[in-house]
Amino acid sequence: MDGVVRKQALAPTFGELFAPKLLTVLKEGYARSDLRSDIVAGLTVAIVALPLSMAIAIASGTTPDRGLYTAIVGGFLVSALGGSRFQIGGPAGAFIVLVSATVARHGIDGLILATMLSGIILIATGYLRLGTYIKFIPYPVTVGFTAGIAVIIFASQLRDLLGLTLSGKEPGELLPKLVALTHAWPTINIAAVAVAVATVAIIQGFKKFRPGWPGMLIAVAVAALATALLNLPVETIGTRFGGIPRTLPVPMLPDISLAKVQAVLPDAIAFALLGAIESLLSAVVADGMTGRRHRSNCELVGQGFANIGSALFGGICVTGTIARTATNVRAGARGPMAGMLHSLFLLLFMLVAAPLAGYIPLAALAAVLAVVAWNMAERREFAVLLRSSWGDAVVLLSTFLLTIFRDLTEGILVGFALGAVLFINRMAQATSIEAHAPLVAEDKPDLQNGDRTNYDPSLATNPDVVVYRITGAFFFGAASTVGAVLDRIADHRRSFVLDFSAVPFLDSTAAKTIFGMAQSAKRHGMRVTISGASVAVRRELINHGVKRPLVTYAASITHAMKDLQPPQGREDK
């Protein structure tokens, strides 16, 4: 009773692959109650996105208004044209390193041109249906570059967190930056430190005691109010940038020349690569929370148009944001309208309350980003991967260290290459030749006393049990395909058996896929049993949380099926 994946008789049409999810939701029927839910979710996300958008823009070496332009224009287009029901687009902390480096090399005009070119690259990537290949990036690479970005983001905020005054321009590289900040230590501003500490304390306090409240916005508002009333000697948005405008700028093209395009093209490629990874990861997170399925290539096309739109209005790179997307789902969003409304609420803030932003202290925004960096570091996953195997540890640390000390793109490419080489090595080690005696000679009685048990047809016909057998190496290249099949488990089943007897090898990406599937099954009240897993496969699964009570293990498929049979003479309820 193996689960069999059958190919569809007809391949999906162009419209089915690239139709935005907004059209799908509207075709399904969009009621007034859905609109009310999306209004609440959009407002909730806008409250979270408001301080983050400005903080990320400032940390990227631009002005806070460009972060708002990005969230308003880019975020609206991501939701309207993308392939995910719940994706929230805007400026992301992962781009701080790349954007600040691009601004340092090519200025704001070069940044806007690179953002526009990255949009064109993303559109081409989507229409060429290359989005599927983005999913082949191993899990240790994802954790490594995310943790590396978190370290860099935190280091970039030390100046404003401590209120330091530098004698020259702050270096972009990590080690020179730390040296310069160390030399500027005597200029520390106690008031700025107090504002930063209070902001972090308020955010963490609301997260623990009132998790449904917008802790970040409340913390920034309290810091701004205290700065204004107490006349604290700290730098604010108003003192450094002169505030933010009250309207969107007129859309215009950046200066375009062949020499300029050639100069910023490497940055545009890096923007597109990271944007594709971040957006699809965010869409996968939303799928796991809701049970829906996104259209990866359509999502890339939507992200591409969003980056072009953001650049036309003077914004920076747009991507799907995991934290804001998760907030959108938890707030009860029903479809892409919530993301579009979140952008409109941000626009309303610019039109009405822009002058108030001038009082926001930069130390408070730096504290917000410090909390973001701490949350995105994935410390538990980092520790698990270090312990799981030497191969995963090598890939993880290589990506992490290259991201911090060299370049983000270089870290991803080297990590992916190492993951591929280690996989080839593991597959070579997993191949072996075994001598077997003839089947008749190996045939033995079922019971120790020599008796044989009669075949029970119910083992193969129990309608409450579904069985899938995975055959072959289960690694990062196959994780998305197997995961897509497992996500389609009918939720009316009571028990689910995964037969691993034909799986010689399993890596961390695959283990994480099984962990997500088991959590989804548990939410639907299903019992998950893993049978036939070898010692090495079982150890890898347990290292990644696939253990009791989430799942049970059986020595073989026969034992698993017997364990799942209801007691004789009783109704299974």
(message) If I ask for residues that are of a type in the set (G, A, S) and farther than 18 Å from V329 by Cα, which ones from the range 44-60 would you list?
(response) S53, A55, A57, A59, S60
(message) For the condition assigned by TED's automatic domain parsing to the domain that holds A354 and over 25 Å from the mean Cα position of the chain (by Cα), what is the one hit in A223, A270, A276?
(response) A223
(message) Testing A223 on (1) within 15 Å of A357 (Cβ to Cβ); (2) among the aliphatic types (A, V, I, L, M); (3) not in a helix (DSSP H, G or I), one condition comes back false. Which one is that?
(response) (3)
(message) For the range 337-369, give me each residue that is surrounded by fewer than 23 Cβ atoms within 10 Å (Cβ to Cβ) and farther than 26 Å from L77 by Cα.
(response) P355, L356, G358, Y359
(request) Please state which one of L68, L35 is part of a helix (DSSP H, G or I) and either under 25 Å from L365 (Cβ atoms) or in contact with a His (Cβ under 9 Å, 6 or more places away or on another chain) (or both). (result) L68
(request) Identify, from the list T187, T236, the residue that is more than 30 Å from E410 (Cα to Cα), in the same structural domain as A367 (by TED's automatic domain parsing) and in contact with a strand residue (DSSP E or B) (Cβ under 8 Å, 6 or more places away or on another chain). (result) T236
(message) Quick check on V195: is it modelled with pLDDT under 90, in a helix (DSSP H, G or I) and closer than 12 Å to L362 by Cα?
(response) no
(request) Mind checking which helices (runs of 4 or more DSSP H) fall wholly inside the range 464-546 and carry at least 2 residues that are at pLDDT 85 or above? (result) 508-523, 535-543
(message) Residues to consider are R387, R334, R379; find the one that is surrounded by fewer than 23 Cβ atoms within 10 Å (Cβ to Cβ), more than 22 Å from the chain's Cα centre (by Cα) and of a type in the set (D, E, K, R).
(response) R387
(message) Restricting to the range 118-162, name every residue that is touching a Lys or Arg at 6+ places or on another chain (Cβ under 7 Å) and modelled with pLDDT under 85.
(response) Y139
(request) State yes or no: is A114 in contact with a Leu (Cβ under 7 Å, 6 or more places away or on another chain), in the same structural domain as L346 (by TED's automatic domain parsing) and either among the aromatic types (F, W, Y) or more than 16 Å from L369 (Cβ to Cβ) (or both)? (result) no
(message) Taking the conditions exactly as written (assigned by TED's automatic domain parsing to the domain that holds N231 and modelled with pLDDT under 85), does A357 satisfy them or not?
(response) yes
(message) Can you tell me which residue is modelled with the lowest pLDDT among those in the range 302-331 that are assigned to a loop (DSSP other than H, G, I, E, B) and buried (at least 24 other Cβ atoms within 10 Å of the Cβ)?
(response) T321
(request) Provide a single number: the residues in the range 34-51 that are at pLDDT below 90 and of a type in the set (S, T, N, Q). (result) 1
(request) Name, by its number, the condition in (1) out of contact with any Pro (no Cβ under 7 Å at 6 or more places or on another chain); (2) assigned by TED's automatic domain parsing to the domain that holds A196; (3) part of a helix (DSSP H, G or I) that does not hold for L365. (result) (1)
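The values are calculated or read from the model by the stated rules, or taken from the named source; none is laboratory data. Values in this document were obtained by computation on a predicted structure and should not be read as measured data. Here Cβ is always computed from backbone atoms with ideal geometry, including for glycine, and neighbour counts include all displayed protein chains.
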